[in-house]
Structure formats: C-alpha cells, structure tokens
C-alpha cells in the first residue's frame with residue numbers, strides 16, 4: 001500500500017476509535033438535537049395558545065387587501081380554509097360580522113392565499129378547533145403619501161397598485177409590525193430592482209421583484225429607491241401581540257444547526273488535530289514514527305488528512321442523524337441542505353485541523369497547541385465580529401447603508417467560521433426566506449471562492465511550515 | 001564503490017535560522033556487517049545529532065549518509081527498512097499502551113507485524129506482562145526495553161543505539177549487552193553511542209571518537225588496547241587498607257616507581273610479574289591484609305580523555 005495512504009488510513013482508524021473524539025461528537029449531536037427539539041416544542045406550545053380570531057383595524061382608506069400566511073408549530077405551511085369578515089365598526093354588542101370573502105390555503109401554495117377587500121376594518125377568523133397553531137396576516141396597504149387613486153395600476157395579485165417613492169405604514173393600535181413585504185415591477189412588467197429601507201435602515205434589495213423581512217418594530221417607514229417609474233406594493237405582516245417571530249421551519253432548523261455547528265465544530269477539530277499530529281510533534285513521539293520507512297511529508301499529510309477524514313465521517317453521521325431527526329419531527333429539509341451543512345462543516349474541520357497541526361511545529365509545551373487552537377476559535381467565533389463591526393458602529397449611519405452592509409459582509413469572508421456558516425446557508429442565499437441584510441453584497445460564487453482561497457492559503461501555510469521548520 | 005552497512009561521509013549540521021550554530025562539522029564513519037562500533041564523545045560532541053540524522057529525524061546541512069549504499073535522505077523510505085533506532089530518551093504516545101504502540105508503529109514498517117509477534121517481542125525484552133499497561137506508568141528502564149522491542153520487531157540489519165544503556169540497572173545493562181552481542185553475532189551492524197566507556201569497551205569491535213562535531217579517529221578495540229599498552233602499559237591495583245608511609249617507601253623501592261595509594265587501593269604502574277609478586281610478599285610479611293589484586297590492561301576512559309585533550313590542542317582550543 002502507498003505509504004501516504006497507509007498513514008492516512010492508520011490515523012483514520014485511530015481517530016475513529018478515539019473515545020475522546022467520539023464523546024465530543026456525541027455530545028454535540030445530543031445538544032444539537034435537544035436544542036432543536038426543545039425550541040420546536042416551545043414554539044408549538046406557544047403557538048397553540050394563539051388560536052384565536054385576530055382583528056386588525058386599518059384606519060387608512062388605502063387598505064387594499066389581505067394575504068394570510070399560516071404555518072404549523074414548526075413553521076410548515078398548512079392547508080386550511082380561512083374566512084375574511086367585514087365588521088361594521090360596531091360600538092356596542094352584539095357585534096355582527098358579515099363574511100365577505102374566503103379562500104383556501106394549501107401546502108402547495110407555500111401557505112399564501114389572498115383576497116381583495118376595500119374595507120377599512122377586517123376580521124380574519126381561523127377555525128378555533130386548534131387544528132393549526134399559528135398564523136400571520138399580511139395586510140397590503142397603500143402608501144399614505146401616494147394616496148392618489150389615479151396612480152393605482154396592475155400589480156402583484158392586486159388590481160390596484162401604487163407607484164410610490166415612500167410608503168409609510170403605521171402599526172395599528174392593537175398590533176405590531178413584525179415585518180413587511182414589498183413587491184415591485186417596472187412598467188413593462190419586468191421585476192423591479194430597488195433598495196428597501198425600513199425605518200431609515202437599509203434592509204436589502206428586491207430579489208426578483210420581491211422583498212420580505214421581519215423586524216420587531218412598532219412602526220416602519222418603507223422607502224423604495226428606484227430609478228424609474230414602477231408599480232410597488234408594500235405589505236405589512238401583522239401578528240397578534242404575543243406572537244412569536246417564527247421563520248419557516250427549514251430556515252429555523254438550518255439556522256440552529258449552522259450556528260451550533262460553526263461554533264462547536266472547531267472544538268472537535270482542535271481535539272482531533274491535536275491528537276493526530278500536534279501532540280506527537282510537541283512531545284517528540286512523532287520521531288519514532290518518522291524513523292520508520294515513511295517520509296516526514298507523508299507522515300504529516302497522512303496524519304492530518306486522516307484526522308480530517310475521521311472527523312468528516314463523524315460529522316457526516318451527525319448531519320445524517322440531524323436530517324433524519326428533522327424529517328421525524330416533520331421538517332422537510334432537502335438533501336441539498338444536508339450536503340451544504342456537511343460541506344460547511346468539512347470546510348471548518350479542514351481549517352481548524354490543519355491549523356492545529358501547524359501549531360505543533362511551534363509549540364514548546366504540550367498545552368501550547370491547544371491554547372493556540374482555542375485562541376483562534378475564540379478570535380473567529382467572537383472577537384472578529386466585534387472588531388469588524390466597530391468601525392461601522394463608530395461611523396454611525398454607515399452601518400445602515402448598502403455600502404456599510406456590503407463592507408461588513410465582505411470583510412466577514414476573512415472569517416472562516418463565517419464562511420462556513422455562509423456555505424451551510426447557500427440554499428437560502430437571497431431567497432425570499434432569507435433576511436437579506438445578512439448577506440447583502442455577497443453572492444454564492446464569492447462565498448465558494450473565499451472558501452477555496454482559505455483552503456489554498458491554509459494548505460500553503462502548512463507546506464511552508466513543514467519546509468521551514470524541518 | 002562499496003559501502004558498509006552504514007557509511008557516513010563529511011556530515012555537517014548547523015542549527016538556527018539566522019544565527020548558525022554548528023552541531024556537526026565533519027563526521028565520517030563506517031559500520032560493517034557483524035560489527036559493533038562504539039561512538040564515543042563528550043556531552044554535546046555530536047553523537048546524538050549524528051544518529052538522529054541517520055534515523056531521518058533531522059536533515060543534515062551537508063554530507064552523505066548511506067545505508068547499504070542507499071542514500072538515507074533522498075531514499076529514506078527504502079533505507080529505513082534496513083535500520084532501527086533506539087533513541088536516548090524514547091518518547092512514546094503516553095496515552096497508549098506498549099502493545100498498541102508497537103502495533104501502531106509497526107504499521108509503518110516494511111513487514112506486516114501481527115499481534116502475536118508484538119507479544120513475543122515484548123516477552124523477549126521482559127515486558128510480556130506489561131503490554132497492556134499505559135506507557136505513562138513505564139519507568140525509564142521499561143521505556144528503553146520497549147524501544148529495544150520496537151527496534152527488533154522487523155529484524156533490521158543496522159541498529160542505531162543512542163545512549164541506550166544509560167540509566168539501566170545492572171540486570172538491564174546485562175540484558176542490553178547480551179542482546180546487542182547476539183545481534184552482532186547473527187551478522188547485524190550496530191552503532192552504539194555512549195559516554196559510559198566501560199560499556200563501549202566491553203562490547204565494541206571498533207571505536208570512533210567524536211569531539212566538537214568532528215570524528216577524529218576510528219580504531220579497532222585491539223588497536224586501542226595496543227596503543228594503551230604502549231602509552232601507559234598495564235597497571236596493577238592491590239586492594240589493601242592501613243598502609244603506613246614506611247610501607248609505601250619500601251614498596252616504592254621494590255617496584256622502582258613512585259606508587260599511588262588512596263587508603264584503599266595501591267596502584268602500581270608496572271605490571272611486571274616479579275615486581276607484583278615481590279610487593280605481594282612484602283605486604284603479607286608486613287601483616288597487611290590484601291583483599292584483591294587487579295591487573296588493568298586497558299582503560300578506554302583514560303585513553304579517550306587524552307585523545308580529547310590532544311584533539312583540543314589540534315583544534316586550537
């Protein structure tokens with residue numbers, strides 16, 4: 001057998017048998033699943049308490065229609081029949097409601113249904129039998145500053161659309177504004193390209209003519225910047241006051257796993273990298289191996305690669321178990337999500353295992369490589385974010401600008417932990433589910449390119465250290 | 001060109017990236033089949049550096065090392081199949097046990113080694129019942145025995161032993177000595193570094209002297225003994241206590257030399273039989289109790305120290 005392959009497989013088997021690594025990975029998996037499960041359960045319980053009719057008062061005559069978004073306890077769209085009723089602003093009981101429209105929501109329609117109404121007051125009555133736990137009602141409201149009815153035209157799902165520069169929406173007294181939706185198209189019917197500001201803060205661009213974001217604010221002024229005349233609708237997402245902000249289930253699941261993995265995978269990588277090469281290098285035990293009929297380079301590469309492969313096997317198992325668990329509790333993650341989660345994890349493992357191996361060439365005590373690894377982990381997981389946001393925070397408004405966000409996101413490509421998170425979330429990149437301010441200025445190509453640069457740079461450093469220190 | 005099992009030519013090594021510190025200047029050495037070469041030098045002379053270079057652990061600055069004619073640097077994988085290294089301070093993965101460690105390291109060797117062969121190797125070095133004990137619980141002597149077991153796992157042609165007998169108890173020393181002799185007698189070649197010169201002179205066929213990174217002389221043990229005899233002659237030591245000055249005067253007269261006495265041992269530079277028997281007769285007649293008489297034909301330590309002094313003079317120290 002090729003000697004490099006021999007060292008590689010020997011280290012792979014050794015690491016797979018290592019109880020230390022096994023315990024760490026098992027703990028991570030248990031934590032990941034229990035956190036996700038408990039979060040999911042808590043959301044479910046909260047949501048079931050909210051099955052009640054929600055009344056939304058719209059005082060502005062520009063009220064154009066209603067869209068409803070209904071999800072189950074973990075964010076999956078559900079099929080349900082909803083009725084929108086007219087209420088005549090009765091001041092005294094018994095109150096009378098007149099059904100004015102109804103529509104069906106079904107899973108295939110992403111949970112969205114819509115109805116047009118011109119009423120100033122509306123009540124939406126979901127069935128109160130507890131068959132679905134939570135809902136969002138989206139009121140599409142015309143801008144107060146562009147109230148001229150003559151400007152109404154065709155638009156997204158609605159016959160009336162407004163050409164606006166600024167759409168001001170104010171929370172009704174009994175609700176909050178957790179989010180907004182913007183649709184826009186040019187006069188020729190093509191999707192509008194525009195930047196969206198909410199409350200003066202840049203939130204992102206229209207993607208394929210659509211923007212959706214959730215913000216826990218009481219009122220918002222939505223400013224749409226665009227170059228030419230266009231038709232724009234601004235929708236507000238109303239929720240009952242005790243509503244939990246709940247992204248779609250797959251986004252929720254992925255964001256939990258991304259955050260968890262990107263934070264904790266480096267720890268497992270540091271342990272594996274230390275066990276593979278750094279410890280033997282620092283103590284000198286590696287010398288008895290090197291004196292065997294195998295070249296130093298093959299020993300260094302084989303051991304580091306073997307550790308990476310072993311951790312890859314472990315975390316592939318973690319990803320698969322997590323994927324099966326998600327399906328078990330009713331969240332339909334895709335195989336693509338699984339692949340991207342694993343790819344991001346593998347990238348993170350590569351960076352930290354190779355870095356840990358490099359520290360073995362500089363360490364003078366057995367604890368030094370571990371300390372270096374932990375230092376790097378703390379730096380990229382915590383300190384880096386603080387440092388890079390400082391200039392933006394100090395310059396005030398810059399952080400709210402497109403330029404500020406682009407700068408912050410671009411500089412985050414210098415952080416391998418952040419790059420790993422971006423890789424894991426590539427399937428949600430710039431999608432309607434994504435809260436685009438966190439990825440503004442980035443493209444999937446840039447993320448992949450930065451990952452490649454990181455891998456090449458760490459590999460080059462490893463080669464350089466081997467050459468210089470030996 | 002023919003090479004010995006180990007041939008070292010013009011080997012030099014400098015440490016340090018900016019400030020170069022020479023550890024080896026010029027090492028030349030040859031170890032042949034069925035031969036034990038003692039490698040003798042003061043601490044820091046360059047013995048360990050030389051052996052670590054041969055083992056492939058560090059690279060030399062210049063020079064060549066050949067094992068059975070194979071370039072040990074550029075063809076380490078082939079050359080290393082022919083030798084085993086017993087380092088001065090064997091360091092193992094302390095989290096492992098002896099058995100697992102040997103199985104692990106043997107995977108990188110040229111031959112497949114089974115668990116039963118590992119057990120056998122451990123038994124041979126007296127660690128048969130300690131195979132599953134964690135290495136962190138091993139004493140220095142046990143570690144040296146384990147290193148020896150590792151060295152013999154794959155039947156090497158050349159054994160590199162770096163101060164391998166330091167710190168061993170008498171039983172351990174005896175075991176190592178016999179093991180090395182046995183290996184030599186079966187045709188193996190041994191480079192044995194030590195500053196315990198009695199050990200070197202006890203087992204070596206040839207001795208190579210190194211001082212300040214330079215090997216300055218290599219001779220057979222017979223040649224060294226001859227040199228010692230011609231330079232110093234043989235000496236005789238009487239183990240006797242309570243000699244008075246008058247005794248020493250009389251013994252000086254009988255031997256014709258100025259004798260040295262430290263209260264326990266009386267040393268005569270002359271080993272002439274008539275002088276020795278004359279002095280013995282005097283001591284008995286004077287009522288002194290002689291508990292032993294030793295004849296010293298060769299003292300490598302004395303010879304080595306003189307050679308080092310001479311080398312220092314030549315090198316201008």
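What follows draws every value from the coordinates through simple rules; no lab data is involved. What you see is a predicted model, and the numbers here were worked out from it, not measured in a lab. We place every Cβ from the backbone using ideal geometry, glycine too, and count neighbours over all the protein chains shown.
For helix B:300-315, what angle does its Cα long axis make with the longest principal axis of chain B, in degrees from 0 to 90 and rounded to 10? Tilt of helix B:300-315: around 80 degrees.
Note on segment B:234-296: the C-alpha convex hull projects to 3.5 nm² when averaged across all orientations.
Taking the longest Cα principal axis of chain B as reference, the axis of helix B:245-255 is set at about 80 degrees. Which whole-angstrom value gives the distance between the alpha carbon centres of segment A:260-337 and segment B:48-114? Each part reduced to its Cα centre gives a spacing of 27 Å.
Using r as the Cβ-Cβ distance of residue A:17 and residue B:28, and R0 as 60 Å, what FRET efficiency do you calculate, to the nearest 0.05?
Once the sixth-power term is evaluated, E becomes 0.85.
Top mean-square fluctuation among B:222, B:245, B:205, Gaussian network model of chain B, C-alpha springs under 10 Å? Taking springs between Cα atoms under 10 Å, the residue moving most is B:245. Legend: calculated FRET efficiency, residue A:410 to residue A:207, from the Cβ-Cβ distance at R0 = 22 Å, rounded to 0.05, equals 0.75. The mean sequence distance of close C-alpha pairs (under 8 Å, at least 6 residues apart), as a share of the length of chain B, puts its relative contact order at 20 percent. Taking the longest Cα principal axis of chain B as reference, the axis of helix B:221-232 is set at about 30 degrees.
For chain B, the square roots a ≥ b ≥ c of the C-alpha gyration tensor eigenvalues yield an a/c of 1.5 or more together with a/b exceeding b/c, which makes the shape prolate. Contact order for segment B:234-296, expressed relative to its length and based on alpha carbon pairs under 8 Å spaced 6+ residues apart, stands at 52 percent.
Approximating the spin labels as points 7 Å out from Cα along Cα→Cβ, the residue A:393-to-residue A:467 distance works out to 4.2 nm.
Springs between alpha-carbon pairs under 10 angstrom, Gaussian network model over chain B: which of B:58, B:293, B:36 fluctuates most? Of B:58, B:293, B:36, the most mobile in the Gaussian network model is B:293. What the Cβ-Cβ distance of residue A:456 and residue A:313 gives, at R0 = 41 Å and to the nearest 0.05, is a FRET efficiency of 0.95. Note on residue B:43 and residue B:271: the model spin-label points, each 7 Å out from Cα along the C-beta direction, lie 3.2 nm apart. A Gaussian network model of chain B, with springs between Cα atoms under 10 Å, assigns the largest mean-square fluctuation among B:88, B:155, B:250 to B:250. For chain B, the 222 nm mean residue ellipticity estimated from helices alone, with every DSSP H stretch of n ≥ 4 adding -39500 (n - 2.57) and the total spread over all residues, rounds to -11500 deg cm²/dmol.
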